[in-house]
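Data first, discussion second: the structure below is written as structure tokens.
Please treat every number below as a calculation from the coordinates, not as lab data. Keep in mind that this is a model prediction, so the values were computed, not measured. Reconstructed Cβ throughout: ideal geometry from the backbone, glycine too, with neighbour counts over all protein chains shown.
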Amino acid sequence: MTAQTHDLDPVRQERFAERMVEVLNDSCLGYLCSLGHRTRLFDVLSGLPPATSERIAEAAGLDERYVREWLGGMTVGGFVEYAPDDGTYWLPPEHAASLVRAAGPDNMASFLQDLALLGIVEDQVLEAFHKGGGVPYSSYPRFQDLQAEETARVYDAALVESIVPVAPGLPERLREGIDALDVGTGQGHAVILLAEAFPASRFRGVDMSETGIAAARDEAARRGLANVRFDVADSAELTGSYDLITAFDVIHDLARPARTLSAIADALRDDGVFLMGDIAASSKLEENLDHPLGPTLYTFSVFYCMTVSLGEGGAGLGTVWGRQTALRMLAEAGFGDVDVRQVEGDILNVYYVARPGH
């Protein structure tokens with residue numbers, strides 16, 4: 001008997017139909033949230049008392065007609081409150097806490113900018129479903145800028161005070177002065193923060209993106225940092241030796257992740273440490289069913305992480321490669337001592353503190 005001839009459970013059918021309506025509405029709200037972040041409308045609203053669309057548009061320097069329509073969507077979506085008697089809109093502070101730039105790592109609206117970016121490549125991803133292969137990195141405009149913004153929110157709040165200390169003794173060594181390398185550095189914000197916080201240490205960031213490295217060099221120059229350098233380089237072909245190597249949300253994207261992990265192990269000095277921040281998830285699908293960001297992680301994998309790696313003829317690990325696979329690959333690369341740590345309030349990442357040898 002085929003699935004089509006089974007008797008339908010009308011209650012289950014209705015429940016799923018309602019779920020699909022929720023998906024449609026929430027997907028659309030995601031695009032409106034992206035606009036609210038990019039136009040700074042959330043930030044403007046958070047600083048205003050209940051105000052008309054005219055007043056809000058004036059404060060934001062935007063066209064009133066577009067602002068009014070956006071406010072309509074935000075109101076029916078439950079983000080903004082509306083008083084019909086005087087035609088005013090208000091963003092409750094409890095909502096602003098997840099929507100404005102001042103919220104730092106708690107600002108979820110920033111993530112929703114990625115929706116439009118993923119939509120741009122949907123046709124190419126569809127073709128990869130039929131033909132295999134993947135989508136090249138060059139197909140993602142603004143990717144470097146979005147990544148820099150998203151990671152900066154976390155690094156600014158937690159890198160020096162919360163993430164670095166997950167490796168015992170590392171803050172002390174950085175204060176004394178060591179050689180450090182950041183793999184897949186992007187626009188180099190993490191390296192710049194560390195270079196400022198630990199002036200006695202020497203930092204290098206490498207990435208395959210020439211535009212990312214150019215931006216990192218410009219930022220380092222603006223801040224007058226003499227203890228940092230940035231190079232366009234392949235992370236699978238590292239040069240030099242280091243006391244600390246970091247890789248934040250990058251290994252699962254790579255075409256040659258196993259080779260990169262081996263290169264990192266080879267580049268570490270005997271007492272060196274590899275600090276790898278990557279997605280907090282299981283390698284087993286059944287253990288991700290209740291993950292608070294589960295659908296998001298698999299979506300990003302299909303639309304970016306997995307397909308970009310496959311587009312380079314790579315491993316295609318995907319965003320949800322998971323803890324078990326990460327630990328196995330670290331062991332295979334020569335890391336004999338690996339500790340998995342979490343940072344309070346970070347639901348996206350775990351941090352692997354890995355040392356070579358026994």
Applying 1/(1 + (r/R0)^6) with R0 = 25 Å to the Cβ-Cβ distance of Glu54 and Asp85, what FRET efficiency is obtained, to the nearest 0.05?
0.95
Which three extents, in whole angstrom, do the alpha-carbon atoms of region 235-340 cover along their principal axes, largest first?
40, 30, 19
Which residue fluctuates the most in the chain, going by a Gaussian network model with Cα springs under 10 Å, if the choices are Met306, Met329, Met20?
Met20
Within the set Gln113, Gln187, Gln324, GNM on the chain using Cα springs under 10 Å gives the largest fluctuation to Gln324
Extension gain Ala116-Ser283, at 0.36 nm per residue separation less the Cα-Cα distance, in nm?
57.3 nm
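Remind me, relative contact order of region 96-240 in percent, using alpha carbon pairs under 8 angstrom and six or more residues apart?
Once divided by the residue count of region 96-240, the mean separation gives 17 percent.
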Pull up the DSSP beta bridges for the chain and report the antiparallel fraction as a percent, rounded to 5.
45 percent
Around Leu193, what is the net charge, scoring Lys/Arg as +1 and Asp/Glu as -1 over all other residues with Cβ under 13 Å from its Cβ?
-3
Residues in region 301-331 that a label on Val232 would reach, taking backbone N under 19 Å of a point 7 Å out along Cα→Cβ:
312
When the chain is treated as a Gaussian network with springs between alpha carbons less than 10 Å apart, the largest mean-square fluctuation among Pro92, Pro105, Pro171 is found at Pro92
Between Glu127 and Asp266, what is 0.36 nm times their sequence separation minus the Cα-Cα distance? Round to one decimal in nm.
46.2 nm
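Ignoring the sites themselves, what is the longest stretch of the chain with no trypsin sites (Lys or Arg not before Pro) in a DSSP loop and at most 14 other beta-carbon atoms within 10 Å?
Numbers: sites that count: Arg142, Arg223, Lys284.
Longest stretch, sites excluded: 1-141.
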Amide H neighbours of Thr39 under 5 Å, counting only residues 5+ apart in sequence or on other chains, H built in-plane at 1.01 Å?
none
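Return a whole-number percent for the relative contact order of region 3-103, with Cα pairs under 8 Å and 6 or more residues apart as the contact set.
Once normalised by length, the contact order is 27 percent.
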Helix 210-222: inclination vs the chain longest Cα principal axis, degrees, rounded to 10, gives 80 degrees
In a solvent-free Debye calculation with one equal scatterer on each Cα, what is log10 I(q)/I(0) for region 1-101 at q = 0.10 Å⁻¹, listed in the order of the q values?
-0.37
Computed E for Leu24/Ser98 - FRET, C-beta separation, R0 22 angstrom, nearest 0.05:
0.55
Cα centroid distance between region 277-323 and region 1-57, in Å?
24 Å
Hey, if you put +1 on the Cβ of every Lys and Arg and -1 on every Asp and Glu Cβ in region 121-356, which of Thr239, Leu289, Pro168 ends up farthest toward the positive end of that dipole?
Thr239
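Please state the relative contact order of the chain as a whole percent: Cα pairs under 8 Å, 6+ residues apart? Don't skip to the end; give the middle numbers.
Numbers: 581 pairs, mean separation 44.2, N = 358.
In percent, rounded to a whole number, it is 12.
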Viscosity 1.306 mPa s, 10 °C: Kirkwood-radius Stokes-Einstein D of region 57-104 over Cα pairs, µm²/s
136 µm²/s
